[in-house]
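*Asks:* This is the structure I have questions about; it appears just below.
The values are calculated or read from the model by the stated rules, or taken from the named source; none is laboratory data. Note that this is a predicted model, so its numbers are computed, not measured. Don't worry about glycine lacking a Cβ; one is built from the backbone with ideal geometry, like all the others, and counts go over all protein chains shown. Just the protein is used for accessible areas: all its heavy atoms, side chains included, with ligands, DNA and RNA removed. Shrake-Rupley method; radii C 1.70, N 1.55, O 1.52, S 1.80 Å.
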Amino acid sequence: MTTSHALLEVDALAAGYGRAGVVRDISLHVGAGEVVVLLGPNGAGKTTTLRAISKVIPASAGEVRFLGRSDKREPAFALARRGLGHLPEGRGLFFGLTVEEHFALSHPGERRISFAEALTFFPELERLRTRRAGQLSGGEQQMLALARAMARGPRLLMIDELSLGLAPIIVERLMPRVREYADVTGAGVLLVEQQVNAALRIADRGYVMARGRVRMTADAEQLIADHDLIVASYMGDSGEGVEA
Ligand SMILES: Nc1ncnc2c1ncn2[C@@H]1O[C@H](COP(=O)(O)OP(=O)(O)O)[C@@H](O)[C@H]1O
Ligand SMILES: [Mg+2]
């Protein structure tokens, strides 16, 4: 196992909504400077897994160890303060606020982030400084969301569907910026993505989920080379829809 330098170690995690279990037996790890992609069809449990890791929802079993520490009573905001960043599906922007105003916002007790810091990651935002988020293109909105997440300086950044609603060419342009964040800062990235190929091109490793479980894991190169592996995982272990 190569988990000794892992920023994040997830062991046999289970979670769901109310009494309904959605994901179980999820084990994965992310090391410093690593980009790890979490793939799987719609409804596989990818978003639920990220939510359980960042404690947006409680885990019903298993362990999440972040920066060597696992504390079931540690609340989500404390985990975030220790450096766990979670960019949720839907970006979490305020359409009535300008780009710059997004950096004046912070939750109580949260470290203030600066627009200047965000510009080091996305200098393009300078010319959009006074534009309202609602008037930005989808790609510019995602850039703003990423810039806010990165400006907090997370040691581990989890991103849920960067590509949602974006044209493929925009996705191709944004993905390398995620790779760069890991390379430059040494942070780990856990990326949930439907655009499999775009994600694998910047990733080191991947996990494939289906029906609430991790079905397989492999190096990104191997996943790119053997596309059938992913397809088989998407089908689950019942052999449903797969020719024998
Ligand atoms: N807030 C929720 N309440 C109840 N069930 C949910 C909720 N969010 C997701 N689910 C269910 O959990 C399962 C996994 O969903 P999700 O984690 O969003 O999958 P993915 O992100 O891989 O598409 C789905 O069956 C979905 O209907
Ligand atoms: Mg999802």
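*Asks:* Kindly evaluate Arg82 against the criterion of being free of Cβ contacts under 8 Å to residues at least 12 places away in the same chain, among the basic types (Lys, Arg) and under 23 Å from Leu13 (Cβ atoms).
*Replies:* Spelling it out, it is not the case that Arg82 is free of Cβ contacts under 8 Å to residues at least 12 places away in the same chain, among the basic types (Lys, Arg) and under 23 Å from Leu13 (Cβ atoms).
*Asks:* Could you check the stretch 23-100 for strands (runs of 3 or more DSSP E) lying wholly inside it with 1 or more residues that are small (Gly, Ala, Ser) and open to solvent by 10 Å² or more (accessible area, probe 1.4 Å)? Break it down into steps so the answer makes sense when it comes.
*Replies:* Details: elements: 35-39, 59-66, 84-87.
Strands (runs of 3 or more DSSP E) meeting the threshold: 59-66, 84-87.
*Asks:* Residues in the stretch 89-103: is at least one of a type in the set (S, T, N, Q) and modelled with pLDDT under 90? Lay out the reasoning, then the answer.
*Replies:* Quick first cut of the stretch 89-103, residues of a type in the set (S, T, N, Q) only: 98.
Right, trim to modelled with pLDDT under 90 and you get none.
Looking for residues that are of a type in the set (S, T, N, Q) and modelled with pLDDT under 90, one finds none in the stretch 89-103, hence no.
*Asks:* Out of the residues in the stretch 1-22 that are more than 19 Å from Gly212 (Cβ to Cβ) and at pLDDT 95 or above, state the one that is surrounded by the fewest Cβ atoms within 10 Å (Cβ to Cβ).
*Replies:* Step one: of the stretch 1-22, the residues more than 19 Å from Gly212 (Cβ to Cβ) are 1-9.
Going one step further and asking which of them are at pLDDT 95 or above, we end up with 7-9.
On the way: Leu7: 24, Leu8: 22, Glu9: 20.
Among those that are more than 19 Å from Gly212 (Cβ to Cβ) and at pLDDT 95 or above, it is Glu9.
*Asks:* Have a look at Ala12, Ala80 and point out the one that is away from ligand 1 (no atom under 16 Å from the Cβ) and at positive phi. Quick ask: steps written out before the conclusion?
*Replies:* Values: Ala80 fails: at positive phi.
From the options Ala12, Ala80, the qualifying one is Ala12.
Here's the yes/no breakdown for (1) in contact with a helix residue (DSSP H, G or I) (Cβ under 7 Å, 6 or more places away or on another chain); (2) touching a residue at least 12 places away in the same chain (Cβ under 8 Å); (3) closer than 21 Å to Phe122 by Cα:
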residue	(1), (2), (3)
Pro154	no, yes, yes
Leu157	yes, yes, yes
Glu161	no, yes, yes
Ala167	no, yes, yes
Val171	yes, yes, yes
Arg179	yes, yes, yes
Asp183	no, yes, yes
Leu200	yes, yes, no
Ala210	yes, yes, no
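*Asks:* Related question: State yes or no: is Val196 of a type in the set (A, V, I, L, M), under 19 Å from Pro41 (Cα atoms) and under 13 Å from the mean Cα position of the chain (by Cα)? Reasoning before the result, please.
*Replies:* On the way: of a type in the set (A, V, I, L, M): yes; under 19 Å from Pro41 (Cα atoms): yes; under 13 Å from the mean Cα position of the chain (by Cα): no.
For Val196, the condition - of a type in the set (A, V, I, L, M), under 19 Å from Pro41 (Cα atoms) and under 13 Å from the mean Cα position of the chain (by Cα) - is not met.
*Asks:* Moving on to the next point. Considering the stretch 23-43 alone, what residues qualify as being within 8 Å of ligand 1 (Cβ to nearest atom) and modelled with pLDDT of 95 or more?
*Replies:* Applying the first criterion (within 8 Å of ligand 1 (Cβ to nearest atom)) to the stretch 23-43 yields 23, 40-43.
Hit for the stretch 23-43 is Val23, nothing else.
*Asks:* Which residue is nearest to His29 (Cα to Cα), if the candidates are limited to the stretch 41-71 and must be free of Cβ contacts under 8 Å to residues at least 24 places away in the same chain and charged (D, E, K, R)?
*Replies:* Arg69
*Asks:* Turning to a different aspect of this structure: Can you pull out the residues in the stretch 23-63 that are farther than 22 Å from Val178 by Cβ, away from ligand 2 (no atom under 16 Å from the Cβ) and out of contact with any Pro (no Cβ under 7 Å at 6 or more places or on another chain)?
*Replies:* Selection gives Arg24, Asp25, Ser27, Pro58, Ala59, Ser60, Ala61, Gly62, Glu63.
*Asks:* Working carefully through the options Gly31, Gly45, find the one that is on the phi > 0 side of the Ramachandran plot and touching a strand residue (DSSP E or B) at 6+ places or on another chain (Cβ under 9 Å). I'd like the intermediate steps shown before the answer.
*Replies:* Values: Gly31 fails: on the phi > 0 side of the Ramachandran plot.
After applying the criteria, what remains is Gly45.
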